[in-house]
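Undergrad: Okay, here's the structure, questions in a sec.
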Amino acid sequence: MKKLILSIIFSLSTLWAFSQVTFSPVTFTAEDEVTITLDVTGTPLAGIDDIYIWTFSNDGVGGGKDGLVNGQWGNSSDAAKFTKIATNKFTFKFTGTTLFGQSPAELINFGFLAKTKDGSKQTPDYKPYKFDPLVFVPTQFRVFPAKLDQTDMATVYFHQDLATEQSLQRLFDVKVTIVFYDAAGNEFARRVDMIAKKETDKLYAYSFIPDRLVTIPSGTVLSKFSYQFTGNLKDANGGNTATSGPVVEVAYLTFN
Amino acid sequence: MKALKYLLIALCTVAFFGCKPEKFGPITSNVAVVKQLQGTWGLTKVVQVDQDAKTKGFPYKELDITNVYAYKDLVIALQLDALGNPSTFTITNGNAPKIVDLTSGNWSVDQNLAPTTIALKNGTVTNALSLGSYTGLSSGKLYLVRNKSINGKVILSYQYEFTKK
């Protein structure tokens, strides 16, 4: 029982840790300039004006390095200093390839923590955050465009020729279910079983603009949508059996 | 010999003063771009361009979305004042998804001779559209581009082709 409680507390603390970090842009490659915004409220660094970042690459996947600007644990470099933007709120700007001195092909993910200059206080690790690939990787599901906001038209694709599961390779009567999520991450609205357009023999697609599918009151912010291709399979008796693919989530960005 | 000397001096003088910069006229005649923008234009094609994918050399860079919704309903009317300067505009969306926030107001260009941007304004709201190639204007085609950026980097574009009504 004690272990269970400790496990729940640990999980909640991990969630809390993740909720304090935001990135702009939300997704990025190792060659994009990224701004981390960190809220240290509730951490040992709360109330401190000067805090420093300690970065590391490729956590858990091998080939990792410490950030070039880290300095020493007991004496962080000035280049690692966060910029204070409000009480307990800080930003740090970086480009992955420059920060780690590694090529885009070498960089898979990164993590960081914040600390005092002398290392006497620190936050938990915030990790791992993935870099977008610079090389296109064909997948069975994709969205066009890859980066979009809630006013943009999105087209979701199912490349059946790339399907890894036999059930999806044999799918027919292909439909799609779209679910929209509000800023808090709660389900806002969904549309189910919309018929996907068969673009080619093994390619299905569905295009939509959110406010054409669901009513979105003025001022409503959508954080993401998910899509799931569904359809039928023929069973041993020649009857139809409903089958679903995995749910794929797409985050909305904020253009400026 | 003396005559030859004078002849050489004369030739050098003529050659020296004969060399002066020539004034070349414009390669093409000045196109009255703003005047050609005036009129009623119907939207005939919409292409979504993933500029991020283009930058990275990924496949799937563009998608023609003209027929997904009733984009061809959209009509934009650009008016000039009595002096030939940009004045008012109206956008009639019909059943088309909106391409800018405004439906009426005033329009302006960044420069009259070779405009690159059209600004649509109403009160404090301004929507900017980039002008595409001028070559189509004389044959009744207007190309506008709407860019969406993050920190100054264009990530996504919409290319609009209009045909004069």
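Every number here is computed from the coordinates shown, using simple stated rules; none is lab data. What you see is a predicted model; the values in this text were computed from it and never measured. Because the Cβ atoms are built from the backbone with ideal geometry, glycine has one as well, and the counts that use them run over all protein chains shown.
Undergrad: Under the definition of Cα pairs under 8 Å and six or more residues apart, what whole-number percent is the relative contact order of region B:17-165?
TA: Reported relative contact order: 25 percent.
Undergrad: Taking every pair of alpha-carbon atoms in chain B, give the share separated by more than 24 Å as a whole percent.
TA: Value for chain B: 49 percent of Cα pairs lie more than 24 Å apart.
Undergrad: Here is a follow-up. Angle between the Cα long axis of helix B:2-18 and the longest principal axis of chain B, 0 to 90 degrees, nearest 10?
TA: Long axis of B:2-18 versus the principal axis of chain B: about 10 degrees.
Undergrad: What residues of region B:107-148 lie in the reach of a label at B:T163, counting those whose backbone N is under 12 Å from a point 7 Å from the Cα along Cα→Cβ?
TA: Within reach of a label on B:T163, which here means backbone N under 12 Å from a point 7 Å along Cα→Cβ, region B:107-148 contributes B:140-142.
Undergrad: Compute the Cα gyration tensor for region A:113-256, then decide on rounded, prolate or oblate, letting a ≥ b ≥ c be the square roots of its eigenvalues: rounded whenever a/c is under 1.5, prolate when a/b is larger than b/c in the other cases, and oblate in all that remain.
TA: Cα axes put region A:113-256 in the prolate bin.
Undergrad: Another question, if that's okay. With Cβ to Cβ distances under 14 Å as the rule, what net charge do the other residues near A:L134 carry (K, R +1; D, E -1)?
TA: Value of the local net charge: -2.
Undergrad: Let me know the shape class of the protein assembly as shown, please: from the alpha-carbon gyration tensor, a ≥ b ≥ c as square roots of the eigenvalues, rounded when a/c is under 1.5, otherwise prolate if a/b is greater than b/c, or oblate.
TA: It is oblate, given that a/c is not under 1.5 and a/b is not larger than b/c.
Undergrad: Near A:N75, within a Cβ-to-Cβ distance under 15 Å, what is the net charge of the other residues, with Lys and Arg +1 and Asp and Glu -1?
TA: 0
Undergrad: If you don't mind, there's one more thing I want to ask. I need the shape label for region A:2-130. Rule: rounded when a/c is under 1.5, else prolate if a/b > b/c, else oblate, with a, b, c from the alpha carbon gyration tensor.
TA: Note, shape of region A:2-130 comes out oblate.
Undergrad: What value, in deg cm²/dmol to 500, does the helix sum -39500 (n - 2.57) over DSSP H runs of n ≥ 4 give at 222 nm once divided by the residues of chain B?
TA: -5000 deg cm²/dmol
Undergrad: Which entries of A:K197/B:K54; A:K202/A:K234; A:K93/A:K130; A:K198/B:K98; B:K45/B:K165; A:K147/B:K56 show an alpha-carbon separation above 20 angstrom in the structure shown?
TA: A:K197/B:K54; A:K198/B:K98
Undergrad: How far, in nm, would the chain grow between A:D132 and A:N256 when pulled straight, counting 0.36 nm per residue and subtracting the alpha carbon separation?
TA: Stretched out fully, the A:D132 to A:N256 stretch lengthens by 42.6 nm.
Undergrad: In whole Å, largest first, what are the principal axis extents of the Cα atoms in region A:173-244?
TA: Principal axes ranked by extent give 51, 24, 15 Å for the Cα atoms.
Undergrad: Cα centroid distance between region A:41-78 and region A:190-220, in Å?
TA: Taking the Cα centre of region A:190-220 as reference, the centre of region A:41-78 is 43 Å away.
Undergrad: Can you tell me the orientation of helix A:2-19 relative to chain A, as the angle in degrees between its alpha-carbon axis and the longest Cα principal axis, to the nearest 10?
TA: It works out to around 90 degrees.
Undergrad: Okay, moving on. For every other residue with a beta carbon closer than 12 angstrom to the beta carbon of A:D50, add +1 if it is Lys or Arg and -1 if Asp or Glu, then tell me the sum.
TA: +2
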